[in-house]
Amino acid sequence: MGAYDESYRRSLDDPHGFWLEAAEAISWTRPPTRAIDATDAPIYRWYPDGVLNTSYNALDRHIEAGNGDRTALIYDSPVTGTGATFTYAELRDEVARFAGALASLGVGKGDRVVVYLPMVPEAVVAMLACARLGAIHSVVFGGFAPRELAARIDDATPKVIVAASCGIEPTRVVEYKPIIDEALRISQHQPEHAIVLQRPQAEATLGERDLDWTDLTAKAEPADPVQVDATDPLYILYTSGTTGKPKGVVRDNGGHAVALAWTMRNVYDIGPGDVWWTASDVGWVVGHSYIVYAPLLVGATTVLYEGKPVGTPDAGAFWRVISEHGAKALFTAPTAIRAIKKVDPEAAELAKYPMESFRTLFLAGERLDPETYHWSHEHLGVPVVDHWWQTETGWPIAANPRGLEPLPTKPGSATVPMPGWNVQILDAYGKELLPQQEGAIAIKLPLPPGALPTLWGDDQRYIDSYLKEYDGYYLTGDGGFIDEDGYIFVMGRTDDVINVAGHRLSTGSIEAVVAANAAVAECAVIGVHDPLKGQLPRALVVLKAGASVSEETLRDELVAAVRREIGPVAAFRDVSVVDALPKTRSGKILRRTMRGIADGRDEPVPSTIEDPAVLDALRPVLRSQEG
Ligand SMILES: CCC(=O)SCCNC(=O)CCNC(=O)[C@H](O)C(C)(C)COP(=O)(O)OP(=O)(O)OC[C@H]1O[C@@H](n2cnc3c(N)ncnc32)[C@H](O)[C@@H]1OP(=O)(O)O
């Protein structure tokens, strides 16, 4: 039996033994004696008697081990033309001082702090400072509009919000202060303070509750790590569900630290002193797990990149960063590689940069199409590892464990389930399917450490959203199959969540914005295939009788509204006015059927359809590239 098979089997047969052993990689104030607590099943807790501090594990313990001079963080910002390097000792000092600043405002264990920062070192500092105090951070991605920020503020009810004066996109400076002010105007909950990091590209005018990051931190006393229970929350990260209301995914301290440390060594083959780069954003789970926490937990060097794959300044940007900082591996989303490939199909830019340090490309966040896989492999000449996971899971469900035992790859497969993930394919009745049979991908409970224990403040919504459909299983929302060798093939979402350039969005929330337009009688938003971004939202709109607006004007209004209400990240541009929407006899819109037709599949028409002629009339619209 190979190392992978042995680990996987043991993680399912003896989860206590497996995960208590894995927990030895973490420094505990009180080491756990029990791995899992099933008292409140189906809500499980990992390491119920363990006590630790995550920021101590990410920083202080490396310094105490004599590695304070090792580089912890490299900041590389082509959009500002600046950069910086922090040793572990320097980063710890920044974190301790900012934790002191937060503490001076009354932030303590269990308090929530919303972080709305771009890809600057202060984002990492703010997250780790919360962890140091036992406070719970909730980072919101900068591409979201005020209403989305307000929804998160109302759910997390933070004591403090930490923000920058601006973020920088290649073609524009995005002023954050007006976004925050508008979010706070519409939110019910009002944080006591907003700490603002002033950036020279657009300094903000500070109001009554606002405090300047630099002034506040200069006055602060460094704070020591506060011990927390392993089961205490480390962060809340909101993700799109099938309804408009985002779900607050909770991550605990102990299980998270253990699982991430395990993956760095065993999945990504990264250890102390290795340079590791995740090109994503701290606002996504990939950023939380693999820009901030995991690399620091194992004493590696993490690269924080404030730029894009193309245009900052060219399609060689990723190769320059790898080459300049000696990165051993890159983790990014397929859409980033597709963006490079589109501009530089022959990878001419690559020849400019020596890449001796580079060993592996890891891709996740959306389906990896074969063309992108082959292009990457051919030009980079290193293993290209597709892997699959979700905001909820915090770390890979399925991967090729490069550090444990590199396995043969199969194009289209995210390889095999990682330890602790008992992945099953279920039919509509919850029956486990055979190899090659396609169905819903579900995971037998309990989920391993590091996966969400619940949703913030709403155990019932957690149960309803994930555990209700199939008794004893977590429903991933993805469909696919497992082959005879145990390889997992993920085929796409089975619900109304779409993935646009690796950003997960709810079609329901876009629909709500479209439906609010005075001329719209009813609408459906579906995700359709896009060669660059993977999927794009498309709205099919039925006008109210007598509405006189032109299709072009309506489109402009709807695009502006979605940008204003959800954010530019929705990349919403495609609107078609149609005569009617296909429905079942009970009035349910046939979104799945329309999605299938738009993607060119031979989609079966449900027998419950009210009027097949409506669907027939829509086919040419659905099949056209742009409505
Ligand atoms: C495994 C678990 C997970 O799935 S976690 C999620 C993993 N997903 C990711 O890491 C995301 C991967 N995608 C990306 O990093 C980007 O899409 C890349 C590939 C870099 C392309 O970026 P970009 O060219 O900006 O396109 P986009 O589609 O992301 O943006 C659309 C519009 O939104 C804007 N935007 C983007 N980010 C911000 C931001 N932080 N602040 C403000 N605005 C932002 C973009 O400028 C763009 O705007 P516009 O429509 O061009 O005006």
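When the residues of the stretch 355-371 are filtered to those that are away from the ligand (no atom under 15 Å from the Cβ) and either touching a residue at least 60 places away in the same chain (Cβ under 8 Å) or of a type outside the set (A, V, I, L, M) (or both), which remaining residue is nearest to residue 488 (Cα to Cα)? Give the derivation first.
As a first pass, look at the stretch 355-371 and keep what is away from the ligand (no atom under 15 Å from the Cβ): 355-360, 370-371.
Applying the additional criterion that residues be either touching a residue at least 60 places away in the same chain (Cβ under 8 Å) or of a type outside the set (A, V, I, L, M) (or both) yields 356-360, 370-371.
Working: 356: 32, 357: 30, 358: 27, 359: 24, 360: 20, 370: 15, 371: 19 Å.
Only one residue fits best here, namely 370.
Restricting 168, 136, 186, 179 to those that are within 25 Å of residue 564 (Cα to Cα), touching a residue at least 12 places away in the same chain (Cβ under 8 Å), more than 16 Å from the ligand (Cβ to nearest atom) and aliphatic (A, V, I, L, M) reduces the list to 186. I'm trying to understand the selection: among the residues of the stretch 276-290, which are more than 14 Å from the ligand (Cβ to nearest atom) and either assigned to a helix (DSSP H, G or I) or touching a Lys or Arg at 6+ places or on another chain (Cβ under 6 Å) (or both)? Selection gives nothing. Surrounded by 14 or more Cβ atoms within 10 Å (Cβ to Cβ), without any contact (Cβ under 8 Å) to a residue 12 or more places away in the chain and not in a strand (DSSP E or B): does that describe residue 546? It is false that residue 546 is surrounded by 14 or more Cβ atoms within 10 Å (Cβ to Cβ), without any contact (Cβ under 8 Å) to a residue 12 or more places away in the chain and not in a strand (DSSP E or B).
Looking at 80, 39, 54, just one residue is under 20 Å from residue 447 (Cβ atoms) and either in contact with a strand residue (DSSP E or B) (Cβ under 6 Å, 6 or more places away or on another chain) or not assigned by the TED database to the domain that holds residue 450 (or both), and that residue is 54.
The set of residues from the stretch 158-178 being among the aliphatic types (A, V, I, L, M) and surrounded by 16 or more Cβ atoms within 10 Å (Cβ to Cβ) comprises 160, 161, 162, 163, 164, 168, 174. Filtering 433, 467, 455 for residues that are in contact with an Asp or Glu (Cβ under 6 Å, 6 or more places away or on another chain) and not assigned by the TED database to the domain that holds residue 537 leaves a single hit, 433. Looking across the stretch 291-315, just one residue is within 12 Å of the ligand (Cβ to nearest atom) and either acidic (Asp, Glu) or without any contact (Cβ under 8 Å) to a residue 12 or more places away in the chain (or both), and that is 306. Within the stretch 60-78, take every residue that is small (Gly, Ala, Ser) and closer than 7 Å to residue 88 by Cα and give me the one that is nearest to the chain's Cα centre (by Cα). Among residues in the stretch 60-78 that are small (Gly, Ala, Ser) and closer than 7 Å to residue 88 by Cα, the one nearest to the chain's Cα centre (by Cα) is 72. So which residues in the stretch 588-623 are free of Cβ contacts under 8 Å to residues at least 12 places away in the same chain and within 24 Å of residue 513 (Cα to Cα), if there are any at all? Those that are free of Cβ contacts under 8 Å to residues at least 12 places away in the same chain and within 24 Å of residue 513 (Cα to Cα): 588, 592, 596.
Cβ-Cβ distance below 6 Å, separation of 6 or more or different chains: which pairs start in the stretch 372-400 with a residue that is of a type in the set (Asp, Glu) and end on one that is within 16 Å of the ligand (Cβ to nearest atom) and in a loop (DSSP other than H, G, I, E, B)? Every condition considered, the pairs that remain are 386/368; 386/414; 392/452.
Only residues that are crowded, with 17+ Cβ neighbours inside 10 Å, of a type outside the set (Gly, Ala, Ser) and in contact with a His (Cβ under 9 Å, 6 or more places away or on another chain) were counted in the stretch 582-627, giving 0. Listed here are the strands (runs of 3 or more DSSP E) enclosed by the stretch 147-238 that have at least 3 residues being closer than 27 Å to residue 453 by Cα and among the acidic types (Asp, Glu), and there are none. Looking only at residues that are within 16 Å of the ligand (Cβ to nearest atom) and assigned to a loop (DSSP other than H, G, I, E, B) in the stretch 563-611, which one is nearest to residue 148 (Cα to Cα)? Taking the candidates together, the pick is 566.
Taking (1) modelled with pLDDT under 95; (2) not in a loop (DSSP other than H, G, I, E, B) in turn, residue 256 satisfies each apart from (1).
The residues in the stretch 395-412 that are over 20 Å from residue 491 (Cα atoms) and either within 16 Å of the ligand (Cβ to nearest atom) or crowded, with 24+ Cβ neighbours inside 10 Å (or both) can be counted, and the count is 1. For the stretch 548-562, a tally of residues being within 11 Å of residue 145 (Cβ to Cβ) and either touching a strand residue (DSSP E or B) at 6+ places or on another chain (Cβ under 7 Å) or more than 14 Å from the ligand (Cβ to nearest atom) (or both) returns 1. Are any of the residues in the stretch 316-325 more than 13 Å from the ligand (Cβ to nearest atom), farther than 22 Å from residue 532 by Cα and in a loop (DSSP other than H, G, I, E, B)? No. Evaluated against (1) within 25 Å of residue 227 (Cβ to Cβ); (2) in contact with a Pro (Cβ under 6 Å, 6 or more places away or on another chain); (3) buried (at least 19 other Cβ atoms within 10 Å of the Cβ), residue 4 falls short on exactly one condition, (1).
The criterion of being out of contact with any helix residue (DSSP H, G or I) (no Cβ under 9 Å at 6 or more places or on another chain) and either of a type in the set (Phe, Trp, Tyr) or touching a residue at least 24 places away in the same chain (Cβ under 8 Å) (or both) does not hold for residue 104.
Can you work out which of the residues in the stretch 189-209 that are of a type outside the set (Lys, Arg) and within 16 Å of the ligand (Cβ to nearest atom) is nearest to the chain's Cα centre (by Cα)? Across the stretch 189-209, the extreme among qualifying residues is 197.
Do you know which residues across the stretch 475-515 are among the polar types (S, T, N, Q) and within 15 Å of the ligand (Cβ to nearest atom)?
Residues of the stretch 475-515 that are among the polar types (S, T, N, Q), as a first pass: 476, 494, 499, 506-507, 509.
Those that are among the polar types (S, T, N, Q) and within 15 Å of the ligand (Cβ to nearest atom): 476, 499, 506.
The values are calculated or read from the model by the stated rules, or taken from the named source; none is laboratory data. Keep in mind the model is a prediction, meaning the values are calculated, not measured. So basically every Cβ, Gly included, is an ideal-geometry build from the backbone, and we count neighbours across all protein chains shown.
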